[in-house]
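Take a look at the structure set out below.
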Amino acid sequence: MSERTYNFAYLDEQTKRMIRRALLKAVAIPGYQVPFASREMPMPYGWGTGGVQVTAAVLGPDDMLKVIDQGADDTTNAVSIRKFFAKTAGVRTTTHTEEATVIQTRHRVPEQKLTEAQILVYQVPIPEPLRFLEPRETETRRMHALAEYGVMHVKLYEDIAHHGHISTAYAYPVCVADRYVMDPSPTPKFDNPKMDNCAALQLFGAGREKRIYAIPPYTKVVSLDFEDHPFERYRHDAACALCGATDSYLDEVIIDDRGGRMFVCSDSDYCERRRESAPPAPQPAGTDASHA
Amino acid sequence: MLDADVITRTRIDEAELADEPLLIAEGLTKWYGRQLGCRDVSFELYAGEVLAVVGESGSGKSTLLQLLAGQLAMSSGRVLYRLRDGATRDLAMLTEAERRLLFRTDWGFVQQDATLGLRMSVSAGGNVGERLMAVGWRHYGRIRHEAESWLDRVEIDPERIDETPRSFSGGMRQRLQIARNLVTAPRLVLMDEPTGGLDVSVQARLLDLLRRLVQDLGLAAIVVTHDLAVARLLSQRIMVMKGGRVIEQGLTDQVLDDPQQPYTQLLVSSVVPV
């Protein structure tokens with residue numbers, strides 16, 4: 001057997017060209033879902049097959065790759081995908097947001113502001129924001145084509161009618177460049193404002209559903225809302241128990257079976273950086289942080 | 001190019017155009033392969049007028065309604081409609097976007113089966129508000145207020161605004177469907193057996209409500225029904241269909257009291273007097 005078993009970044013060059021053509025179209029029509037011939041990948045659907053294919057298509061030998069899963073660099077999914085590209089492409093990898101040139105993410109946008117030199121690749125389970133309101137694909141395509149988005153607001157209306165506020169907390173629908181309504185993948189709505197006018201190129205890949213879409217740099221991204229119930233970010237009313245951050249998105253961690261819990265930054269790199277640079281001010285574990 | 005404004009804006013002086021038909025159907029024909037749906041149906045409908053289409057099952061009434069509503073492609077013929085700017089246009093000449101906007105603002109379609117015309121998993125308020133949101137309403141309070149007032153108009157307790165139609169009776173569902181269609185103040189409503197499947201007392205109440213709404217709002221309506229009593233109560237004009245063709249048409253009272261065609265005579269005499 002030859003020494004290199006795989007082509008660079010696993011996929012063959014024809015496949016990468018096919019994906020790049022879809023990516024170019026997606027960038028040209030911000031928010032529009034471009035069908036592509038998604039391949040079988042050596043991982044189950046739902047683990048980021050779409051994101052991995054997009055990453056493989058944009059990755060070059062000089063790139064520095066970072067992979068996060070729910071904000072963390074050290075969870076199974078993130079570690080596996082990072083190792084996958086380290087092995088099949090030989091690219092350098094990092095956990096530091098500012099060092100990375102390509103960041104593949106599942107369900108979070110890093111806290112650190114992204115730059116023009118970076119590409120953010122999202123893993124998307126269900127790309128169609130209208131899917132739960134309209135099951136027919138032929139019909140949702142027509143609705144996108146004609147910009148018939150009234151039903152999106154029906155969903156938000158139902159939220160307010162039942163809960164008194166817009167209770168959609170993740171996969172919160174956005175309108176991209178005043179045209180297409182888009183599902184931002186299951187990121188918390190806390191991250192929606194970061195997608196607006198973002199310097200980095202944002203690419204979305206859905207492997208099972210065979211769709212690619214994109215937000216080019218500095219594109220207007222508006223979260224849908226009502227005049228009297230405007231869009232609001234949500235984060236737990238607490239500071240990070242490890243780094244004390246009051247501006248980051250927090251995960252709630254259950255620490256015992258008596259109701260004890262702590263809040264920590266979901267973005268593990270952001271949290272570590274803050275602890276390295278500043279003298280720590282840890283909260284005692286087991287108590288709720290009391291300030292926002 | 002026609003913009004949304006022409007379709008949705010408030011009416012211009014209707015009185016000036018009262019002698020112009022609102023809708024003109026010319027030679028509507030539909031073949032399902034070699035099977036005839038309906039053939040060469042032509043009529044004119046004026047603003048505020050209610051036309052009943054009666055006939056037995058399979059006579060082509062529902063096909064006709066679906067052709068008018070653009071749900072089926074016609075084999076030949078055309079439908080002309082007078083838009084709110086006063087211009088009469090061939091519906092086939094509008095773009096799909098314009099046609100769909102027209103159908104969900106200036107037209108209504110009441111289905112026989114309310115589960116097809118409603119979103120069953122969405123609350124009553126959301127059902128009524130959907131058309132408003134589709135034409136750009138973005139104020140929750142105002143949408144809700146409008147939905148409440150419409151529920152009241154169709155005699156549904158506004159307290160039940162947050163319940164889904166699943167918890168509603170058949171009659172209530174039908175009334176909710178009517179509210180959902182009328183909320184954008186359409187000028188034309190198509191109804192397919194609006195009282196089908198309801199028991200008699202509920203039917204009577206619904207007919208009463210429909211008659212009042214049609215009068216108050218000056219709606220034009222095309223009501224497909226096999227129930228001659230519905231035709232008698234609601235409509236001014238009637239069209240009798242058989243085997244896909246119109247065999248008799250005229251003023252409702254005239255046709256029902258003095259039917260000329262043998263089939264119409266049979267239809268009228270088949271009604272069991274109580």
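Annotation: amide H of A:THR75 within the under-5 Å range of A:ASP69, sequence separation 5 or more or interchain, hydrogens built in the peptide plane. Scalar couplings 3J(HN,Hα) for region A:125-136, obtained by applying the Karplus form with A = 6.51, B = -1.76, C = 1.60 to θ = phi - 60°, are x, 10, x, 8, x, 8, 4, 6, 9, 9, x, 7 Hz; x denotes Gly and Pro.
Qualifying GluC sites (Glu not before Pro) in region B:89-157, where qualification requires a DSSP coil assignment and no more than 15 other C-beta atoms within 10 Å, comprise B:GLU155. Could you tell me how far the Cα centroid of region A:1-71 sits from the Cα centroid of region B:156-177, in Å? A separation of 49 Å, based on Cα centres.
Mean-square fluctuations from a GNM of chain A, with a 10 angstrom spring cutoff on Cα atoms, peak among A:PRO188, A:PRO135, A:PRO216 at A:PRO135.
Legend: residue pairs A:LYS87/A:LYS220; A:LYS155/A:LYS194; A:LYS189/A:LYS220; A:LYS16/A:LYS210; A:LYS83/A:LYS220; A:LYS83/A:LYS194, Cα-Cα distance threshold 26 Å; pairs beyond threshold, A:LYS87/A:LYS220; A:LYS83/A:LYS220; A:LYS83/A:LYS194.
Here's how it looks for B:VAL53: its modeled amide H is under 5 Å from those of B:VAL223, B:VAL224, B:THR225, B:MET239, which are all 5 or more places away or on a different chain. The string of couplings for region B:259-266 from the Karplus curve (6.51, -1.76, 1.60, θ = phi - 60°) is x, 8, 7, x, 5, 5, 4, 5 Hz, one whole number per residue in order, with x for Gly and Pro. Checking the cross-link filter: which lysines have an alpha carbon closer than 25 Å to that of B:LYS61, excluding same-chain neighbours under 8 positions apart? Leaving aside lysines fewer than 8 places away in the same chain, those within reach of B:LYS61 are B:LYS30, B:LYS242.
Give a quick list of GluC sites (Glu not before Pro) in region A:115-182 that DSSP marks as loop, anything other than H, G, I, E or B, with at most 16 other Cβ atoms within 10 Å.
The qualifying sites are A:GLU116.
When chain B is treated as a GNM with alpha-carbon contacts under 10 Å, the residue of B:TYR263, B:TYR32, B:TYR46 showing the greatest mean-square fluctuation is B:TYR32.
Among B:ALA204, B:ALA114, B:ALA221, the largest mean-square fluctuation in a Gaussian network model of chain B, built with springs joining Cα atoms closer than 10 Å, belongs to B:ALA204.
For region A:172-214 versus region B:243-274, the inter-centroid distance based on Cα atoms is 60 Å. Net charge of the neighbourhood of B:ARG173, taken over other residues with C-beta under 15 Å away and scored Lys/Arg +1, Asp/Glu -1, is -1. Scanning residues 5 or more positions from A:VAL121 or on other chains, those with amide H under 5 Å from its amide H are A:ILE103, A:GLN104, A:THR105, A:LEU203, with H placed 1.01 Å from N in the peptide plane.
Every read-out reported here was derived from the displayed coordinates using simple, explicitly stated rules and does not represent laboratory data. These numbers were taken from a predicted model, which means no experiment stands behind them. Every residue, glycine as well, gets a Cβ built from its backbone with ideal geometry; the counts of neighbours run over all protein chains shown.
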